[in-house]
Amino acid sequence: MLDLDKIISVVLVEPKYQGNIGAVARSMANSGISDLRIVKTPIETEAIYRSMHGRYILENAKIFNSLKEAVSGFEIIAGTSDISKSGEKFRRVPTGPEEFWSTNGLTGQKVALVFGREDNGLNYEELGMCNFFLKIIGNPEYPVYNLSHAVAIILYEMIKANYSCNATITHDLIGRDKIDTLAGRLEELLAKIDYNEQEIDTLMNMLNRIIARANITDSEFFKIMGIMRQTINRLQ
Ligand SMILES: C[S@@+](CC[C@H](N)C(=O)[O-])C[C@H]1O[C@@H](n2cnc3c(N)ncnc32)[C@H](O)[C@@H]1O
């Protein structure tokens, strides 16, 4: 089993209701994790009341000015939303929490679980920073959970997967630094083939998500880097 407290963090983006912040802290205490990160919203007394035995989590919570700062250094950034479509188009392919924890979620890499505002959720740009997109199924007519309930469901599935040894613990998976190096090399390659500059950001977001999902090991990383270096050299 993994020591979840060392690797799992919860990030709340601009939560509006102090009651929800407190309930999230309580759920985290139930789940044995303690790193709570909040973007912009300060913690007030009502949250402390609602946190019950999770009060220590609020006392140690970190407040950030942006989501980018809050998730810096995490290998796995999992955004959550009840919406996967805009109009008839799928914006992202959703993963259910159960599937997430039993495949990519519990590999020993650092995971940030990102939750959105009670009224507007996470915006398009914020979801773009995430390399996974988690959606909890519910009544198709009304799949929108209360923020703290969504956190509780996702953390419950995490504990279940950890207890049932569904965790695919892999110690030699690449970390954030190598993920960034790989993405940088791909970007270099795209520039060399004169890829349409206006589309590079969108494409890089997609490639970053694919790299994170791929669970690349150290030796695989060096192989891929080698191939790309040779390709870039040939193109020069
Ligand atoms: C009240 S909901 C906001 C709903 C908003 N329509 C949205 O775009 O997500 C507050 C937060 O709870 C989480 N949430 C609620 N329902 C969810 C679901 N079915 N699957 C995943 N996360 C959910 C998300 O983090 C969401 O941003």
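The values are calculated or read from the model by the stated rules, or taken from the named source; none is laboratory data. Everything quoted here is computed from the prediction, not taken from an experiment. Virtual Cβ from ideal backbone geometry, glycine too; neighbours counted across all protein chains shown.
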Residue that is surrounded by the fewest Cβ atoms within 10 Å (Cβ to Cβ) [pool: residues in segment 66-85 that are more than 16 Å from the ligand (Cβ to nearest atom) and farther than 23 Å from SER148 by Cβ]
GLY73
Enumeration of residues in segment 116-137 that are buried (at least 19 other Cβ atoms within 10 Å of the Cβ) and either under 14 Å from MET158 (Cβ atoms) or acidic (Asp, Glu) (or both):
GLU126, PHE132, LEU134, ILE136
Quick check on this structure: which one of THR181, THR170 is surrounded by fewer than 17 Cβ atoms within 10 Å (Cβ to Cβ), away from the ligand (no atom under 16 Å from the Cβ), among the β-branched types (Val, Ile, Thr) and modelled with pLDDT of 90 or more?
THR181
Take the residues in segment 211-234 that are in contact (Cβ under 8 Å) with a residue 60 or more places away in the chain and part of a helix (DSSP H, G or I); name whichever of them is surrounded by the fewest Cβ atoms within 10 Å (Cβ to Cβ).
ARG213
Residues that are near the ligand (Cβ under 9 Å from one of its atoms) and among the charged types (D, E, K, R), drawn from segment 125-140
LYS135
Would you mind stating whether GLU199 is in contact (Cβ under 8 Å) with a residue 60 or more places away in the chain, of a type in the set (D, E, K, R) and under 30 Å from GLU14 (Cα atoms)?
no
